[in-house]
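Below are the structure tokens for one structure; questions will follow.
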Amino acid sequence: MDDILPKRLKGKPFTYQEACQHGLSQYSIRKLLETGDIDRLEHGLYRAIDADISEEDLYRAAIKKVRSPA
């Protein structure tokens, strides 16, 4: 199922809105979670499992969550 995850969403945290903008439906996101292809970092915030998450990625995820840098 990993092949349905757009390349632009791999390797970095992404929001539900970004996933939808890249053609994923709520059903697709749920299936990717169930198959273990993506992981939920927080409500509405995901990452591809095969992507190593760095401190910079965690910072980006936090920025996406609050919508502005500190």
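Show the residue pairs meeting these rules: Cβ distance below 6 Å; 6+ apart or different chains; first residue within region 33-46 and open to solvent by 40 Å² or more (accessible area, probe 1.4 Å); second residue of a type in the set (Ser, Thr, Tyr).
Filtered contacts from region 33-46: Arg40/Tyr46.
Identify the residue in region 50-66 that is surrounded by fewer than 16 Cβ atoms within 10 Å (Cβ to Cβ) and β-branched (Val, Ile, Thr) and, among all such residues, is nearest to Lys12 (Cα to Cα).
Looking at residues that are surrounded by fewer than 16 Cβ atoms within 10 Å (Cβ to Cβ) and β-branched (Val, Ile, Thr), I get Ile63.
I would also like to ask the following. Can you tell me which residue among Leu24, Leu33, Leu45, Leu5 is touching a Pro at 6+ places or on another chain (Cβ under 7 Å) and either at pLDDT 95 or above or hydrophobic (A, V, I, L, M, F, W, C) (or both)? Before the answer, list the steps.
Numbers: Leu24 fails: touching a Pro at 6+ places or on another chain (Cβ under 7 Å); Leu33 fails: touching a Pro at 6+ places or on another chain (Cβ under 7 Å); Leu5 fails: touching a Pro at 6+ places or on another chain (Cβ under 7 Å).
Being touching a Pro at 6+ places or on another chain (Cβ under 7 Å) and either at pLDDT 95 or above or hydrophobic (A, V, I, L, M, F, W, C) (or both) holds for just one of Leu24, Leu33, Leu45, Leu5, which is Leu45.
The values are calculated or read from the model by the stated rules, or taken from the named source; none is laboratory data. What you see is a predicted model, and the numbers here were worked out from it, not measured in a lab. When we count neighbours, we look across all protein chains shown, and the Cβ atoms used for this are built from the backbone with ideal geometry, even at glycine. To get the accessible areas, we keep the full protein, side chains included, count just its heavy atoms, and leave off ligands, DNA and RNA. Shrake-Rupley method; radii C 1.70, N 1.55, O 1.52, S 1.80 Å.
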